[in-house]
Amino acid sequence: MPYLNCQAIVLRRNDYRENDRMLTLFSPEHGRVDALCRGCRKPKGPLLSASEVFTMGEYVLFESKGRKTVQSCNVIESFYPLRLDYERLRHAALMAAACLKTIQPEEPMGHLYILLARSLKRLAYEDLPADAVSAAFLLHFVTINGFKPRLNHCSRCEKTMGEGGGYLLPDEDGVCCLSCGKDAPKRSYLTFEQLSWFREILSRGIDKTASLPNQVPLKILKQYTEAKIESALPEV
Ligand SMILES: [Zn+2]
């Protein structure tokens, strides 16, 4: 089958030759797909918007000698408002970078794809703070990748987490309570309110989570994610 039809989101683009780009696409059924997009940098080229980062579309790819080329693309969503807001754009870049670290060619990742698409939509069109959208994304991202943190009980003494909050420790796959965590790094501390927010996001999703904590602990979640996937993610 020399032709491949797939829905995908552009995670990365690199300029190539005079008018072309190499795209890294994320397809729910095919995982990572690298494809050459010819002529897309010409000002009025039909593939201009198809080659922008975060564009979601129905791509038609032609495969020859192991190399894929974009033939056409029906753009479903460009998430255009992201391009007008630098802060939100950086959060979208964090999500794209996280996906790039884990997707593989011909490995379906339907849940991660839906998570990314929904999170980009929230960033582009909804009023939720960007750090809350990113935190919810990372929490689901680690869960999909098999690193769901244990949040209800202390990883050391197994007691139910109390009002004092606790420390989120990647090496222990979850939180540890205040009395057990005297040696834990202070930068991994989560308040009771923040821990409850995490639990709610995992059980109900961010759309149904009523209130935000005073401070969204994105940094702690980013540290946890980076430790689990063993690579650094961009600053936001
Ligand atoms: Zn404990």
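Every read-out reported here was derived from the displayed coordinates using simple, explicitly stated rules and does not represent laboratory data. Since this is a predicted model, take the numbers as computed values, not measurements. Every residue, glycine among them, receives a Cβ derived from its backbone with ideal geometry; neighbour counts consider all protein chains shown.
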Check: Check CYS40: other-chain or 5+ apart residues with amide H under 5 Å from its amide H, H built from backbone geometry?
Finding: ARG21
Item checked: the chain, helix-only ellipticity at 222 nm - DSSP H runs n ≥ 4, -39,500 (n - 2.57), divided by all residues, nearest 500 -> -10000 deg cm²/dmol
Check: Could you give the radius of gyration (one decimal) and Dmax (whole number) of the Cα atoms in the range 1-60, in Å?
Finding: 10.9, 32
Next item on the list: Let me see the pair-distance distribution of the range 128-229: every alpha carbon pair, 5 Å bin width, integer percents in order.
Entry: 2, 14, 27, 27, 20, 9, 2, 0
Margin query: Under a Cβ-only charge scheme (Lys and Arg +1, Asp and Glu -1), can you give me the dipole magnitude of the range 129-220 about the Cα centre, in debye to the nearest 20?
Written below: 40 debye
Item checked: FRET efficiency, 1/(1 + (r/R0)^6) with R0 30 Å, evaluated for ASP127 and ASN14 via beta carbons -> 0.35
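Cα gyration tensor of the range 1-112, axes a ≥ b ≥ c as square roots of the eigenvalues: rounded (a/c below 1.5), prolate (a/b > b/c) or oblate?
Details: a/c = 1.71, a/b = 1.12, b/c = 1.53.
Taking the square roots of the gyration eigenvalues as a ≥ b ≥ c, the range 1-112 is oblate.
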Check: Counting alpha carbon pairs within less than 8 Å and at least 6 residues apart, what relative contact order, in whole percent, applies to the range 119-236?
Finding: 25 percent
Next item on the list: Take peptides 2-9, 38-45 and line them up by average Cβ neighbours within 10 Å, highest first, as a rough protection proxy.
Entry: 2-9, 38-45
Next item on the list: Please give the direction-averaged projected area of the C-alpha convex hull for the chain, in square nanometres with one decimal.
Entry: 13.8 nm²
